[in-house]
Amino acid sequence: MDIKNVLLIMRKEAAESLKNRWFILYTGCFSALALLVLLIATSGTNIAGFTGYGRTAASLINLVLLFVPLIALITGGISIASERENGTLSYLLSHPVTKSEVFFGKYLGLLIVIWFSISIGFGIAGVGVALRGGGGDVTNYLITALLSALLAASLLGVGFMVSAFSTKASKAIGICVFLWLFFIVLGDLGIMGTTVVLDLGIRQVLILALLNPGEVFKIASVLVLSPRFEILGPVGVYAVRTFGREGIFYLLFSIMALWTLVPLLLAYTVFSRLRKEEL
């Protein structure tokens, strides 16, 4: 695999995405809502003991869970399927580049663009906190932004996996929207419903939560921002007592890393085995 070719395709993918009106709309909406969250968070009283950067980061968690997984899943879902459908993928591979160079170049290009959008939102909110004289630990604020970037990387990998299995962009988008609903919208409700129906214990509930990248991000972010792990309820207390505060954070970080690597490697395996007539 030639790194120069990977970087060339990465720049091409990033440049095309930056010109895409949907990306511009998404970035604008995310940034505007981040600014709104900042104004709300810094105008009220303390939220669960958070102040300044911590209060703003806590308010941004739900915004991240709403926007980042949706754009990452759909962007990844159409990345390969749309080019297979319109024939540009086979044209690209007719050049002196390998499938691995195309695959990883496209992934990195799209990931950088999504990270750029996340950085703008967190940057606007962070600068706003500083200008309004907010206090708190800026390090935890930056860690929350890093966890958001890792969430984007993991779900972009899931989107690529869907795209590698799909021959039509519309099918890939439909599956990705369903996954977004499953991971984010129905995540808490699914865990609660399963717990009630199967009468699960705290350990089993924790395992269910760790199987959802959105829940992993939420738990990790709350642990970073709040010294009071009781805010996560009985499951949070059990997790911290079992693994320790640092131990559970590293466990959550490792799970998010696995959510990035496993789907991405599976997607590459499928993509690399596509025959010429299937491209």
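Per-structure values
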| read-out | value |
| --- | --- |
| Some residue of the range 80-99 being outside any helix (DSSP H, G or I) and surrounded by 17 or more Cβ atoms within 10 Å (Cβ to Cβ) | yes |
| Helices (runs of 4 or more DSSP H) fully within the range 168-232 counting 2 or more residues that are modelled with pLDDT of 80 or more and exposed (fewer than 15 other Cβ atoms within 10 Å of the Cβ) | 169-180 |
| First in the range 28-40 and under 9 Å from Ala125 (Cα atoms) and of a type in the set (Ser, Thr, Tyr), second anywhere and surrounded by 13 or more Cβ atoms within 10 Å (Cβ to Cβ) and modelled with pLDDT of 80 or more, Cβ under 7 Å, 6 or more apart | Ser31/Ile120; Ser31/Gly121; Ser31/Ile124 |
| Residue among Ile74, Ile124 that alone is surrounded by fewer than 18 Cβ atoms within 10 Å (Cβ to Cβ) and either touching a helix residue (DSSP H, G or I) at 6+ places or on another chain (Cβ under 8 Å) or of a type in the set (A, V, I, L, M) (or both) | Ile124 |
| Number of the exception - Arg275 against (1) surrounded by 12 or more Cβ atoms within 10 Å (Cβ to Cβ); (2) modelled with pLDDT under 85; (3) over 23 Å from Thr144 (Cα atoms) | (1) |
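The values are calculated or read from the model by the stated rules, or taken from the named source; none is laboratory data. Just so it is clear, the model here is predicted, and its values are computed rather than measured. No Cβ is skipped: glycine too gets one built from the backbone with ideal geometry, and neighbour counts run over all protein chains shown.
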